[in-house]
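Before any comments, here is the structure.
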Amino acid sequence: MAAVLSKVVERRLVEVVRRRMEVEAVVVLEGPRSVGKSTLLRCLAEPWRSEIIDLDDLATRDAARADPALLVTGEAPVAIDEFQHAPELLDAIKAELNRDGSPGRFVLTGSTRYATLPATAQALTGRAHRISVLPLSQGEAAEKHEDFAELLVRDPSSLVSRRPLPGSRPDYISRVVAGGFPPALRRVRSADRARWFDDYLDLVLGRDVLEISRVQQRRQLPLLLRGLASQTGQILNIAKTAAVIGMEKSTAESYVKLLEAVFLVNQLPAWGTTLGSRVGSAPKIHIVDSGLAARLLRLTESKLSEASASALTQLGHLLETFVVGEVSKQLDWLDEPVARGHWRTHDGDEVDLVLEREDGRVAAVEVKATSRIGPGQLRPLVKLSRRLGRQFLGAVVLYTGARAYTDENGIHVVPLARLWQASE
């Protein structure tokens, strides 16, 4: 079942940030509101014994805007929380870096994508290293040391084990609906979590989006977001959603960029378009957190547990968003960059997640909301492996069964629970 948090969780990113600060002058921790960026910053700053400049505080924000140079001249590292509220600080930081650009000078957090702030592009281009801070992973919430993604991009076959893993359809549904936002996981009752998600959306859509841009059709934003949630784990079709809510496609496209800017949605790009003309180029859309997506769609544990085709389809899409999110969190802990995308052919074959290492080797993940895997369900992975040849590291199908095995084509079928279980 989904974890219920009773204390502050130690994030795997702490060590990642410390390593990056050894070589980077400015580190920017960016991600959705309420994922624990401020808590992470406090954890990092504790050994420094330095003040955190909190720009959510209105008085501090006024001081930063009035005299930005004063606030950034403290002893390094200077820690600034929610920097997007006073972008004037960025020019002051640039001036400081011109005098001293040594590693570990500044650590910033932001709930708006770094590249969406015009002043940012002018001030710290090429000088700021960005690190994504996403909702808690399943392992972090349960205090387990996950290694799924690390093994996946190194040797997918090592994920196959003889021992069965605990996990059931109700357990997976519970985890998907709860998501990974710490404040949501601190609420035991589903009704309390639902209220938190509603309040969260009101805050982000009603305040954060408006800080970035003047939105003329403000009341349409929640409708657009729900329309995107209905496509989570699927090919993005902005025209379809725009038509349903009575919005011009061009307006919807610009609003989708705003929703991306405040980390409510992510686009997973198409991968492998150089493999042939019959490969699709459209991105997939994912809501940033499966629990948030479930709430937008008003999908509860009981609804997803129904023995119906529609419930199975809805669970399949949410489960894909859940898995893509979990794997992405784990990939962000690695030192080696790993490119991410999805693969889809025009004749209907698709692979949910394709990961490409720096050396060009490729691993793939397919997600199935079933407890048994038939040969036909592996066809897209087999097709991709044949196209790539020696470039292909291997493929994993995550399913709701308890046993792992490797099929005759070399495809590894692995229980979903392996995502948050450590190696034996």
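For segment 212-318, just run the numbers: alpha carbon Rg, then divide by 2.2 N^0.38 Å, N being how many residues it has.
1.16
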message = Among 201, 102, 115, whose Cα projects farthest towards the positive end of the dipole of segment 96-212, with charges put on the beta-carbon of Lys, Arg (+1) and Asp, Glu (-1)?
response = 201
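Starting from the Cα coordinates of segment 13-132, work out the convex hull volume and express it per residue in Å³. Can you show the working numbers first?
On the way: hull volume 11.2 nm³, N = 120.
Taking the convex hull of the Cα positions in segment 13-132, it is 93 Å³ per residue.
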query = Which value at 222 nm does the chain reach when only helices count, each DSSP H run of 4 or more adding -39,500 (n - 2.57), with the total divided by all residues and rounded to the nearest 500 deg cm²/dmol?
reply = -11000 deg cm²/dmol
Calculated Rg and Dmax of the chain using C-alpha coordinates, Å = 21.8, 67
Sorted peptide list for 218-231, 93-106, 287-300, criterion being average Cβ within 10 angstrom, highest first = 287-300, 218-231, 93-106
remark   = Rg (one decimal) and Dmax (whole number) from the Cα set of segment 281-424, in Å, equal 15.5, 45
query = How much space per residue, in cubic angstrom, does the convex hull of the C-alpha atoms of segment 303-367 take up?
reply = 87 Å³
query = Once all Cα-Cα distances of segment 11-70 are split into 10 Å bins that start at 0, what whole-number percent is in each one?
reply = 18, 46, 33, 3
query = Can you list, bin by bin at 5 Å, the percent of alpha carbon pairs in segment 134-177, starting at 0?
reply = 5, 16, 18, 27, 25, 9, 1
message = If I take the Cα coordinates of segment 340-424 and project them onto the principal axes, what are the three extents in Å, biggest first?
response = 30, 29, 23
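Every read-out reported here was derived from the displayed coordinates using simple, explicitly stated rules and does not represent laboratory data. Remember, predicted model here, so these are calculated numbers, not experimental data. Reconstructed Cβ throughout: ideal geometry from the backbone, glycine too, with neighbour counts over all protein chains shown.
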